[in-house]
């Protein structure tokens, strides 16, 4: 681990994660349906306690979540190369407004566009992701790929084991 990428305490790491997620609006949601992984581009916004809300017109991701609620959301900077990237990977359980009718009103409290949200109520669906584990990586400045992992309000370090290519 690079000395500049020291282990953060949970409050500091939470703040870094929240700041990064607020700086971005789009990401990639990974789901699994019938044992087949799939990724969907999404736009999101933050709720309480780092819960993530995704608004969508629909798609197979809803069927996938119904079958398997375990999801992964990746939000990252532009991929320059494997040593110059910053991002957050969120593993958690998802629920949808198809099975939980209160999710739409819950999400409405956190959206920055409540008028548009309300105007399109009949055509929009909501996914809520409750994080179990969040991995934070900031390799932009130093190229250090040490990951800070937040789980149960505890921080652990995960260093990349890059295999040299000959």
Three semi-axes of the equivalent ellipsoid, the chain, Cα gyration tensor, whole Å, largest first: 30, 18, 14
When only C-alpha pairs under 8 Å and at least 6 residues apart count, what is the relative contact order of the chain, in percent? 24 percent
Beyond 20 Å, what share of the Cα-Cα pairs of segment 80-166 remains, rounded to the nearest whole percent? 56 percent
Taking Cα atoms, how many degrees apart are the long axis of helix 10-23 and the longest axis of the chain, rounded to 10 and kept between 0 and 90? 60 degrees
With Rh as the Kirkwood radius over Cα pairs, segment 1-57 has Rg/Rh of 1.10
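Each value in this text was obtained by applying a stated rule to the coordinates, not by laboratory testing. These numbers come from a predicted model, not from an experiment.
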